[in-house]
């Protein structure tokens, strides 16, 4: 089930997403910190989060990769 966090012990949805008209709508049961992370990802559109720090089950900080150099 994409977009749903499962409780490992019971394999049941822990906090949910409501699917409406082909898009996932968040907010029901999500902590404001998680809502902020999801909104940031939506606004970012494309990119990479290198590190997401979690404390007591809530996102605290993230490192966003701004420049990546590749030599093939």
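Each reported figure results from applying straightforward, stated rules to the coordinates on display, with no laboratory input. Given the structure is predicted, the values throughout are model-derived calculations rather than measurements. Neighbour counts run over all protein chains shown; Cβ positions are idealised from the backbone, glycine included.
When 51, 41 are arranged by Cβ crowding within 10 Å, least crowded first, meaning fewest neighbours, the order is 51, 41. Note on 53, 67: ascending count of other Cβ atoms within 10 Å places them as 67, 53, the fewest first. Among 54, 49, 38, 69, which comes first, then next, by fewest other beta-carbon atoms within 10 Å? Neighbour counts put them in this order, fewest first: 69, 54, 49, 38.
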